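Got a structure here, written out as structure tokens. Questions coming.
The values are calculated or read from the model by the stated rules, or taken from the named source; none is laboratory data. Quick caveat, the model's predicted, so the values are computed rather than measured. Cβ sites come from the backbone with ideal geometry, for glycine too, and all protein chains shown count toward neighbours. With ligands, DNA and RNA removed, areas are computed over all heavy atoms of the protein, side chains included. Shrake-Rupley method; radii C 1.70, N 1.55, O 1.52, S 1.80 Å.
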Amino acid sequence: MKAYFLSDLHLKSEDKDKAKLFINFLSSIDHNVSHLILLGDVFDFWIGEHTYFQKKFPHIVAQLQRIVQQGTEVHYFEGNHDIHLKRFWEKSVGAKVHPEKYTFYFENLKVRAEHGDLMNPKDKGYLFLRWLLRTKPLEILAHRIPGNLVGWIGERSSQVSRVYTARMTKDYTQNVLDFTRTYAMKECQKDPFDLLVTGHTHVKDDFEFNVRGKKSRSVNLGSWLDQPKVFEITPDQQQFIYLMLPVTGSAQ
Ligand SMILES: [Mn+2]
């Protein structure tokens, strides 16, 4: 097995450099990659199954369809910028969509994965919005929303994420690391795992801790806003190797 995790690319359109880099990266994925795991906020905005998005990101969609067809499992976790993905991404692309957390078993390695937007218990306003957006009436609305309105909402959500990124002060970063690590240790006590992989906070982290004498680890993928990167898990003898690799190469 070989698993790739990516998150928080926040792609706005296919003609930007980061999107070209991502398309290039996707085209390099062959059948040796068993799992491609997208941990949310891949697009700066994608809601429902509207053709607006399919027309906006045709090469990314085509690459992911190709990757599914070659036999790689593609898992797409919903973020807070990409929601109600099941209809399009499961039926038309063949990805497995996870609106919530999900646990992978790579041989004897138990890896829990989630977008990470439930890690901060103090984020009450957001937690309410998250619940609201996933209620049935809002889901129905999301699938029926007209194209020009979708574009407008997308612009608005980009502005919000810019504000979010601007908050990256030292205190903010420390606070994020605190709640990320507290969350990982608490969840591991409830249901032990070897590794927890999250995104969302845009603050990269790799933290080891012990629960009941057993070593565990929490990895946050950060975002592509500072550096395009991919997290790789591969087995080696009786162990697993974790690598955070930059995604480079000429954007074609
Ligand atoms: Mn997010």
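For the range 180-185, just list the computed ³J(HN,Hα) in residue order, Karplus coefficients 6.51, -1.76 and 1.60, θ = phi - 60°, integers in Hz, with x standing in for Gly and Pro.
Once rounded to whole Hz, the list reads 5, 6, 4, 4, 4, 5.
Lys and Arg at +1, Asp and Glu at -1: add these up for the other residues within a Cβ distance under 15 Å of Gln70 and post the number.
Once positives and negatives cancel, what remains is 0.
Taking 0.36 nm per intervening residue step and subtracting the Cα-Cα distance, what contour gain separates Leu141 from Arg87 on full extension?
Separation in residues times 0.36 nm, less the Cα-Cα distance, equals 18.1 nm.
For Asp82, which sequence-distant residues (separation of 5 or more, or a different chain) have an amide H within less than 5 Å of its own amide H, given hydrogens modelled in the peptide plane?
Asp41, Trp46
Give me the accessible area of Met1, 1.4 Å probe, in Å² rounded to the nearest 10.
The accessible area of Met1 comes to roughly 60 Å².
What is the sum of charges around Ser223, taking Lys and Arg as +1, Asp and Glu as -1, for the other residues whose C-beta is under 10 Å from the C-beta of Ser223?
Residues close to Ser223 contribute a combined charge of -1.
What dipole magnitude, in Debye to the nearest 20, does the range 3-246 give about its Cα centre under +1 on Lys/Arg Cβ and -1 on Asp/Glu Cβ?
560
Continuing with the same structure: Using the beta-carbon distance between Glu232 and Tyr126 and R0 = 22 Å, what value does 1/(1 + (r/R0)^6) give for FRET efficiency, to the nearest 0.05?
0.15
Which ³J(HN,Hα) values in Hz, rounded to whole numbers, follow from the phi angles of the range 64-75 under the Karplus curve 6.51 cos²θ - 1.76 cosθ + 1.60, where θ = phi - 60° and Gly and Pro get x?
5, 5, 4, 5, 4, 5, 7, x, 7, 6, 10, 10
How big is the Cα convex hull of the chain in projection, averaged over all directions, in nm²?
Projected area, direction-averaged: 13.7 nm².
Once you put a point 7 Å from the Cα of Met185 and another 7 Å from the Cα of Tyr102, both along the Cβ direction, what distance in nm separates them?
Each label point is offset 7 Å from its Cα along the Cβ direction, giving 3.0 nm.
Scan around Leu9 for amide H atoms under 5 Å from its own, H built in the peptide plane at 1.01 Å from N, and keep only partners 5 or more places away or cross-chain.
Counting only residues 5 or more places away or on other chains, the set is Val42, Trp224.
Near Ser7, within a Cβ-to-Cβ distance under 12 Å, what is the net charge of the other residues, with Lys and Arg +1 and Asp and Glu -1?
-4
Using 0.36 nm per residue of separation minus the Cα-Cα distance, give me the extension gain between Gln174 and Met1 in nm, one decimal.
Result: 58.8 nm gained on full extension.
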